[in-house]
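Novice: Structure incoming, see below.
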Amino acid sequence: MFHTQLDPFPQNFLWGAASAAYQIEGAWATEGKGPSIWDTYAQVPGNTFEETNGKVAIDHYHHYKEDIALMKEMGLGAYRFSVAWSRVLPDGEGEVNEAGLAFYENLVDELVKQGIVPILTLYHWDLPQALQDKYQGWEGRETAVAFEKYCRILFERLGTKVTYWVTMNEQNVFTSLGYRWAAHPPGVKDLKRMYAANHIINIANAKAINLFHEMVPLGKIGPSFGYGPMYPFSCDPEDVLAAENGEAFNNAWFLDVYCKGEYPKFVYKQLAKAGLAPVVTEEDQAILKKAKPDFLGINYYHGGTAQQNNYQKQIAEKRAFSKVDPYLMQAEDGTFSPEETMFATAENPNLKKTDWGWEIDPVGFRVALRRIQANYDLPIFITENGLGAIDQLTEDKKIHDPYRITYLQEHLLELQKALTDGVEIIGYCAWSFTDLLSWLNGYQKRYGFVYVDRDNQSARQLERIPKDSFYWYQELIRTNGASLISHT
Ligand code: BG6
């Protein structure tokens, strides 16, 4: 599809950048903050890359004014950050830590003073450790109740100052890394527990949205989902069906609950057959149905490619030898998960990759935006998109990162095409403003517009140095996106 001319970006388009508390704040045990599951997890040798952790991170807690001054210099319109739950409620549900809450009040005040729209994420993976210990974290319904309490405190204190709120960051990612792959806390490999926790998180998300609509009628709230469109590997109808299955399991399973208040029937049925479906009470259904997000936050990095798998043949063989339902057999012997029987993933030969093997697919960004609009018809806020790379600091203290500029340029051009197609997009937050801690890749995988001089072993002076991409984005913001086309 080709447009002879692209629509300009809307006048009120929010040009932003994003971060998350654990990845930048440091001050992990300062002024009353309680430990989070990430503080605990990162202390176990072998859990993270070269034992990196967020104890100091880039010490944004003590440098936030300096960081906001750089945002102001750049002309940034919006800044997405997350609140560390255990800084506000050290044990997750009891006494408020006023010093912790004051940090976020000051941060918001400073942003507003500098004319930057704050976007507040309520949960970016750092669950209070106390809730993990008491209630098995997201597996306990008590944690959803605690989340509602925590949200109430923030809505009360910041509801008049912050318009845009994000509930959960990438529920799809943190549940699968935490419970399918044991690569994030709580370090479990158990699909039944994953789907059970995922359901409680859905309830927590819905409770937060419902409460927000009572308490902050002028605000906007929605989850941020890590969306990756699924492509069929070929036009073989079996591959097309595999891609449909991939979309259903990877995306609709989450987005339907957020936007329609119910699980997609196809996926739920397959999980139920395998004994993996979550228990959904009538009360749950009512909570989920009532919660309508005002926008969808989308984090886009890449999609995936699906092809038919060879499990069908193996299942047929199993069926021939057994009267047991093959889905149950899979769940019991742990050989297959239901989705593994429905699609296999494949490499896309058309795409280049980052240094970390992530596919680079700007057109997939437009595909994603179009599909989301078609299926859910909500305004979209791009809450993350960016390139992780190794940057070199030159002797004269410069960082030349043309690869990052190219990446962002190509993605933003596709975003502009999607806008021209008719997709409603509120704004775009690049990941990330400063360099920060990558959960599993330490400090060497850099995403920021601003270089932070530290490495995996030493925090050094944490000097902030704008990269070439900083000045490129500054110009883009100044021209409200017009420089995008003139540079193409
Ligand atoms: C997103 C997360 O999944 O991807 C961020 O919301 C994260 O917190 C980003 O940093 C990039 O991931 P990684 O693994 O490259 O740091």
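The values are calculated or read from the model by the stated rules, or taken from the named source; none is laboratory data. All figures in this text were calculated on a predicted structure; none of them were measured in a lab. Glycine also receives a Cβ, built like all others from the backbone with ideal geometry; neighbour counts cover every protein chain displayed.
Novice: In the set Pro90, Pro118, which member is at pLDDT 95 or above and farther than 14 Å from Ala18 by Cα?
Specialist: Values: Pro118 fails: farther than 14 Å from Ala18 by Cα.
Answer to the selection: Pro90.
Table: residues versus (1) within 16 Å of the ligand (Cβ to nearest atom); (2) out of contact with any helix residue (DSSP H, G or I) (no Cβ under 7 Å at 6 or more places or on another chain).
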{"position": "Glu410", "(1), (2)": "no, no"}
{"position": "Ile425", "(1), (2)": "no, no"}
{"position": "Ala430", "(1), (2)": "yes, no"}
{"position": "Val450", "(1), (2)": "yes, no"}
{"position": "Arg460", "(1), (2)": "no, yes"}
{"position": "Glu463", "(1), (2)": "no, yes"}
{"position": "Trp472", "(1), (2)": "no, no"}
{"position": "Ile485", "(1), (2)": "no, yes"}
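Novice: When both residues are 6+ apart or on different chains and their Cβ atoms are under 7 Å apart, which pairs have a first residue that lies in segment 185-202 and is modelled with pLDDT under 95, and a second that is basic (Lys, Arg) and surrounded by fewer than 22 Cβ atoms within 10 Å (Cβ to Cβ)?
Specialist: Here the result reads Lys189/Arg180; Leu191/Arg180, each pair linking segment 185-202 to a residue that is basic (Lys, Arg) and surrounded by fewer than 22 Cβ atoms within 10 Å (Cβ to Cβ).
Novice: Between a first residue in segment 2-26 that is in contact (Cβ under 8 Å) with a residue 40 or more places away in the chain and charged (D, E, K, R) and a second residue that is part of a loop (DSSP other than H, G, I, E, B) and within 14 Å of the ligand (Cβ to nearest atom), which pairs have beta carbons less than 7 Å apart while being 6 or more apart in sequence or on different chains?
Specialist: Glu25/Ala57; Glu25/Ala84
Novice: Considering segment 256-283 alone, what residues qualify as being among the β-branched types (Val, Ile, Thr) and free of Cβ contacts under 8 Å to residues at least 12 places away in the same chain? Show your work before the answer.
Specialist: In the first step, residues of segment 256-283 are kept if they are among the β-branched types (Val, Ile, Thr); the result is 257, 267, 279-281.
Scanning segment 256-283 gives a single hit, Thr281.
Novice: Contact list please: Cβ distance under 9 Å, first residue in segment 284-300 and without any contact (Cβ under 8 Å) to a residue 40 or more places away in the chain, second residue of a type in the set (Lys, Arg), pairs at least six apart or on different chains.
Specialist: Listed pairs, sorted by first residue: Lys289/Lys260.
Novice: Among the residues that make up segment 45-68, is at least one of them farther than 21 Å from Leu484 by Cβ, more than 24 Å from the chain's Cα centre (by Cα) and of a type in the set (D, E, K, R)?
Specialist: So far as segment 45-68 goes, yes, one or more of its residues are farther than 21 Å from Leu484 by Cβ, more than 24 Å from the chain's Cα centre (by Cα) and of a type in the set (D, E, K, R).
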